[in-house]
Amino acid sequence: MIVYRARDFHDMSRKAANILSAQVILKPSCVLGLATGSSPIGVYAQLIEWYKKGDIDFSEVRTINLDEYRGLSANDEKSYRYFMNVNYFEHINIRPENTFVPNGLERDADKECIRYEELIRSLGGIDMQLLGLGHNGHIGFNEPGAAFEAYTHCVTLTDSTREANKRFFGSKDEVPTQAYTMGIKTIMQSRRIVVIVSGGSKAEMVKRALFGPITPEVPASALQLHNNVTLVGDAAALALIYSKRAF
Ligand code: F6R
């Protein structure tokens with residue numbers, strides 16, 4: 001794993017955006033796996049800025065998102081599809097038909113999960129997957145106890161995740177109870193993984209997930225088994241791990 005220590009959220013976002021833009025330059029038709037939440041907002045803002053300056057071209061890029069709340073439509077302001085459109089896709093020259101997010105309105109969970117996995121395969125797999133880290137160690141919506149061998153599936157969200165995400169809704173009760181998410185296995189099949197983490201409240205989890213025992217109780221610990229993970233964290237998030245360099 002390579003660890004880049006950034007000064008703060010802005011610096012973390014720039015470093016991660018540099019890695020993603022290098023991927024797009026090296027392979028213009030690459031498949032980027034993307035995340036929502038607070039962590040990637042600065043990365044998307046930076047990529048938009050570079051696009052507007054003429055430095056990056058997204059016209060051939062395909063994107064596939066990690067997850068979506070079950071029951072929310074693409075037009076719902078709380079949906080991850082809406083988040084992606086507003087925070088990223090609408091500002092760059094990506095073709096809308098090349099952007100993929102699970103369909104929150106599909107009631108048949110098995111059908112949607114199989115469709116999504118087949119879609120990833122038909123795209124040729126994920127070249128680079130961007131991940132945030134949950135306070136409880138989740139990646140995507142793979143909550144503690146998630147099976148490492150799981151592909152895209154429907155999950156019931158834990159109380160702690162609904163609590164953490166209520167900032168995007170009016171209250172915890174309004175946070176959907178279920179979501180579609182790529183599984184750990186899906187994520188692990190990405191050719192390269194970039195994890196971004198910011199803030200002292202995640203420092204303990206960074207240490208446990210990426211340097212502690214590998215266990216389903218800490219879903220992100222599975223990443224230790226991947227051979228191409230880059231962690232970009234700000235100083236606060238990396239406060240409990242020692243090195244700046246590769247190991
Ligand atoms: C988002 C996702 C989640 C978040 C994680 C961290 O698509 O899958 O796993 O990456 O909850 O969220 P933030 O960045 O809001 O702290």
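The values are calculated or read from the model by the stated rules, or taken from the named source; none is laboratory data. Please read all numbers here as calculations on a predicted model, not as lab measurements. With ideal geometry, Cβ positions are generated from the backbone for all residues, glycine too; neighbour counts draw on all protein chains shown.
Worth pointing out:
- Among residues of the range 68-82, those that are crowded, with 19+ Cβ neighbours inside 10 Å and either free of Cβ contacts under 8 Å to residues at least 60 places away in the same chain or small (G, A, S) (or both), counted: 3
- Test: residue in the range 232-244 that is at pLDDT 95 or above, β-branched (V, I, T), closer than 17 Å to K185 by Cβ and not in a loop (DSSP other than H, G, I, E, B): no
- Selection status of Y44, more than 15 Å from the chain's Cα centre (by Cα) and either surrounded by 15 or more Cβ atoms within 10 Å (Cβ to Cβ) or in a helix (DSSP H, G or I) (or both): no
- Every residue from the range 51-67 that is away from the ligand (no atom under 14 Å from the Cβ) and buried (at least 16 other Cβ atoms within 10 Å of the Cβ): Y51, I56, F58, V61, R62
- When residues of the range 163-182 are limited to those that are in a helix (DSSP H, G or I) and more than 11 Å from the ligand (Cβ to nearest atom), the one farthest from the chain's Cα centre (by Cα): D173
- Among the residues here, G104 does not qualify as surrounded by fewer than 20 Cβ atoms within 10 Å (Cβ to Cβ), under 30 Å from E60 (Cβ atoms), in contact (Cβ under 8 Å) with a residue 60 or more places away in the chain and more than 11 Å from the ligand (Cβ to nearest atom).
- Residue in the range 121-131 that is among the basic types (K, R), surrounded by fewer than 19 Cβ atoms within 10 Å (Cβ to Cβ) and within 13 Å of the ligand (Cβ to nearest atom) present: no
- Applying the condition of being of a type in the set (S, T, Y) and crowded, with 23+ Cβ neighbours inside 10 Å to the range 13-36 and asking which residue is farthest from the ligand (Cβ to nearest atom) yields S13.
- Any hit, the range 56-64, residues being in contact with a Pro (Cβ under 9 Å, 6 or more places away or on another chain) and of a type in the set (V, I, T): yes
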